[in-house]
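Structure record follows, encoded as structure tokens.
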Amino acid sequence: MKKVLALGVVLAFSLVACGGGGDDGGDPLAVGPGAQTPTTAAAAARAGGAGGEHADHGGNPTADCSPSGTTLSITASGTKFDKNCLAAPANQAFKINYDNKDQLAHNIVILQSHSATDAMYKADLFRGPATKTFDVPAMAPGTYAFHSDSNPAQMSGTFIVK
């Protein structure tokens, strides 16, 4: 039953994401100081999986999205990221190795939520193919969002700090 519910939430989220309608200014899935707590099914849909699992862009479950050091990696190719979840250790500065395989300019922006306008961290846009390493200051524990300014609807994900 949980899988059916989670699948329904994922399908509904996909339809809304493709709709291109206006934003009411709130993000019911935002987590952080002063934000609403997401429901388990909605949080799983945003993270790309069900039951606390995270999925890659192909929809296949992957390992739990948890920090595994202070160097993260992400690749932009075909105007998509190779992963939809990044994780960093709390209260420690970290690096993001960014491989932009596209000829388009991309970057990475970390925000409080997917609808936030103020960035917690913002890398400069850069054209590929090229690789850059970004130094990110320590962040407090929480669940945040990330995207590329050049295509935030297609290039986004969940950013976990714990």
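Values quoted throughout were computed directly from the atomic coordinates according to the rules given, and no laboratory measurement underlies them. Everything numeric here is computed off the predicted structure, so don't read it as measured data. A quick note on method: Cβ atoms are made from the backbone with ideal geometry, for glycine too, and the neighbour counts reach across all protein chains shown.
The table below gives the values:
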read-out: Cβ-defined net charge surrounding V109, 13 Å radius [Lys, Arg +1; Asp, Glu -1]; value: -2
read-out: Approximate spin-label separation N97-K80, in nm, with each point projected 7 Å along Cα-to-Cβ; value: 2.3 nm
read-out: Number of Lys pairs (Cα under 19 Å; 8 or more positions apart or on different chains) in the stretch 69-162; value: 13
read-out: Amide H contacts under 5 Å for N84, placed H, 5+ residues apart; value: H57
